[in-house]
Amino acid sequence: MKQFKNVFIFDHPLIKHKISILRDKNTGMKEFRELVEEITTIMTYESMRDVELVPVQVETPLETTTQYRVPEDSIAIVPILRAGLGMVNGVHRVFPTAKVGHIGMYRDEDTLEPHEYYCKLPEGIENKTVFLIDPMLATGGSACDALDALKKRGCKKIKLMSIIAAPQGIEAVATAHPDVPVYVSTLDRGLNEHGYILPGLGDAGDRLYGTK
């Protein structure tokens, strides 16, 4: 597929190992949820290489030293409901004080078009680095609409993280939002006629929460 400067596909052995278990239809809900969180944590470390740091003075037992920290209250997490909720704890392991917003999207099963039904964001989100998270980047419709919603509310620093993506979703987001870094663990083959990623892992929301 076409290469985009704002798209980063991870090639990490530990992620590949965990993805193989995540895909398995015999992997139960508890283990599936734990794997999603673990993969998200690894992705968060990798995607924050360019995070802004500020100098602080720290008193060690021996002397005063200048060190660097992520500014307080500078990170926000916005999962796309509902499957995105499964990734929140993975980001919180790295940034436990990050505020959490929510964007609710549903997909028309006939047209595959996304529709927003809910949006609640932390105060001052326009000044934060925002992690927009959703395990599956399929057609890219929901991600594009969620990015539009965040930008309309003044967000300027947004990172999209998805565990598994289809080429169609990558191209849709990278073309519509070339200013947004897109971080993906695994790029799959494509989509079936129902818009599900192949080989994929099925419906991430159903597997996270035990629903059908």
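Every read-out reported here was derived from the displayed coordinates using simple, explicitly stated rules and does not represent laboratory data. Keep in mind it's a predicted model, so treat the numbers as computed, not measured. Methodologically, a virtual Cβ is constructed for each residue, glycine included, from the backbone with ideal geometry; neighbour enumeration extends over all protein chains shown.
Highest mean first, the peptides 61-69, 17-25, 176-184, 49-57 sorted by other C-beta atoms within 10 Å per residue fall in the order 176-184, 17-25, 49-57, 61-69. Computed about its Cα centre, the charge dipole of region 7-209 is approximately 220 debye, with only Lys, Arg, Asp and Glu carrying charge at their Cβ. With the charge dipole of the chain set up from +1 on Lys and Arg Cβ and -1 on Asp and Glu Cβ about the Cα centre, the Cα lying farthest toward the positive end among the listed residues 76, 174, 17 is that of 17. Of the peptides 118-126, 29-37, the order by per-residue mean of other Cβ atoms within 10 Å, starting with the highest, comes out as 29-37, 118-126.
Any idea what angle helix 13-23 forms with the longest principal axis of the chain, computed on alpha-carbon atoms, 0 to 90 degrees, nearest 10? The angle comes out near 40 degrees. Put a dot 7 Å past the Cα of residue 53, heading toward its Cβ, do the same for residue 175, and the two dots end up 3.9 nm apart.
For residue 46 and residue 115, compute 0.36 nm times the residue count separating them, minus their Cα-Cα distance, and round to one decimal in nm. Intermediate values should be presented prior to the final figure.
On the way: separation 69, 0.36 × 69 = 24.84 nm, distance 3.07 nm.
Between residue 46 and residue 115, full extension yields an extra 21.8 nm.
The angle between the Cα long axis of helix 29-47 and the longest principal axis of the Cα atoms of the chain comes to about 50 degrees, rounded to the nearest 10.
Computed from the Cβ-Cβ distance with R0 of 45 Å, the FRET efficiency linking residue 206 to residue 4 stands at 0.90.
Sorted on the mean count of surrounding Cβ atoms within 10 Å across their residues, most packed first, peptides 142-151, 201-210 read 142-151, 201-210. Can you give me the C-alpha center-to-center distance between region 189-212 and region 64-118, rounded to a whole angstrom? Each part's Cα centre sits 20 Å from the other's.
Using the Cβ-Cβ distance between residue 68 and residue 26 with R0 = 45 Å, the FRET efficiency computed as 1/(1 + (r/R0)^6) comes to roughly 0.50. Dividing the mean sequence gap of close Cα pairs (under 8 Å, 6+ apart) by how many residues the chain holds gives a relative contact order of 23 percent. Looking at region 7-209 alone, DSSP beta bridges between its own residues are antiparallel in about 35 percent of cases.
Treating r as the C-beta distance of residue 152 and residue 93 and R0 as 30 Å, the FRET efficiency rounds to 0.50.
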